[in-house]
1. What share of the DSSP beta bridges in the chain is antiparallel, in percent to the nearest 5?
2. Any number yet on Rg/Rh for segment 63-135, C-alpha, Kirkwood?
3. Could you tell me the distance between the Cα centroids of segment 6-79 and segment 115-166, to the nearest Å?
4. Cross-link list Lys191/Lys368; Lys199/Lys325; Lys328/Lys351; Lys177/Lys362; Lys160/Lys235: which exceed 20 angstrom alpha carbon to alpha carbon?
5. Assigning unit charges at the beta carbon (Lys, Arg +1; Asp, Glu -1) and nothing else, what dipole magnitude in debye, to the nearest 20, does the chain show about its Cα centre?
6. Among all the aspartates and glutamates, which ones have a C-alpha under 13 Å from Lys231's C-alpha, if same-chain residues fewer than 8 places away are not counted?
7. Just how far, in whole angstrom, is segment 194-266 from segment 332-373 if you go by their alpha carbon centroids?
8. Using only Cα atoms and rounding to the nearest 10 degrees, what angle (0 to 90) does helix 325-337 make with the longest principal axis of the chain?
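A short reminder: the numbers here are calculations on the coordinates, not readings from a lab. Owing to the predicted nature of the structure, the values given are computational and were not obtained by experimental measurement. Cβ coordinates were reconstructed from backbone atoms using ideal geometry, including for glycine residues, and neighbour counts include every protein chain displayed.
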Amino acid sequence: MTDAKPFEKTYLSVPYEQRETAKAAGALWDKKAKAWFVTSAEVPAGLKSFLPQNQTDHVREDPRTAFGTFLRDNGAELQGLPEMDGKWHRIALVGDGKETNASYRGFLDGVPNGQFKNFKGDDVPLQWTDKGDALSPAERQRLSAEAAQNREVRERERQKEQETTAKRAFGIWTNLKSWATPENCPYLARKNVRGYGVKVADDGRMVVPLRDETGRIWSLQFVGEDKIYLKDGRKDGLYHTIDPDKELEKDRQKDGALTVIVGEGYATGADVHKATSLPTFVAFDGDNLVATAKAVREKYPTANILIAADDDHHLPNRNPPLPNKGLKSAQRAAEAVGGKVLAPSFTPAEKDRGATDWNDLKHLRGEKGLLTALRGAFTQMQREQARSPDKGRDMYMGTGMGREREMSR
């Protein structure tokens, strides 16, 4: 089922003491943005005085401008004004290009202030505090309205770009005639995995579609030496499904519960599926694991969901240390959907060789070694489940455990 087309919002700067007047004139309250709005680009005459551009309180420097200068002075690649909503926002460093090595958050309550964290620099976040006094209620309302309006405009532009990319992706996908196999795709040959519903480009790269719950293609991932996506394409909550036996389409009784796996990369997904025969969803990376797991849970409300984790054990050993992103992302995804983490366990020697995922484990230990490791991970989950009988004692006793018992023989 597709979502209804969102209506356009125009945000207003309404002082607290005039909220009833604005409400009577047709204004609505956006709890998330903490600002009033109308559902049209045409603002009723009785509300035009509340448009941010019609407010007269513009004497002091916008704290977002000052905070933005602070971020840029400390190496952030910031476009436009920063979001000052109290939440952490990922941002790229100048010359880096990856929104994974820095983060910031800003506050407009009281005296405006903020923090900037450079994951490649000091462990303690840099602090910023506005030189002026605390914002007046009217200033906070104006800034909240302007920030909400800017987000609204950016979101609409992003949706238009994603729609354009989706049409381009569908055209490219349709015109690709060959399915990817280890014989025609160097990536599949190098990873020693089968092609499940993926195609091959003229240059030999594997092409993976990013689909939503309806099966619509929104973007494409091209996999060779590097992994790249179509520009301006959507990714959040999208996935690639590996289910050649159409298990997801079968009707199930209560005692035959559906068990599925969600993992990061394609090679991991292909290996884990081949070993377990369970339907597998490829989330593409750790940042998309939670959103994909939630999308799977929404489509299959009663399914048992296993998260096939990566183990980025090398990250905590960096200077400064970084979190183990693979395990953390998998744990967050499992917690979000009531699932369990299926994590590989590497020896020190295997870690020294750079192994981080299930495909790496297979290359080091072979197919039988992969089966043994998966069996051990399933057994560990059973032990944990037995220690928590109040959290769904029948979990994983359906397809997944049946397959695990077959692997044990």
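1. Values: 35 of 46 bridges.
If we restrict to bridges inside the chain, about 75 percent are antiparallel.
2. Values: Rg = 11.6 Å, Rh = 12.1 Å.
With Rh from the inverse mean 1/r over Cα pairs, Rg/Rh is 0.95.
3. Their Cα centres are 13 Å away from one another.
4. Details: Lys191/Lys368 16 Å; Lys199/Lys325 29 Å; Lys328/Lys351 18 Å; Lys177/Lys362 30 Å; Lys160/Lys235 14 Å.
As for pairs spanning more than 20 Å Cα to Cα, those are Lys199/Lys325; Lys177/Lys362.
5. Numbers: 65 positive and 61 negative charges, 192 e Å.
Taking the Cα centre of the chain as origin, the dipole is about 920 debye.
6. Glu161, Glu163
7. The two parts, judged by their Cα centres, are 20 Å apart.
8. Helix 325-337 sits at roughly 80 degrees to that axis.
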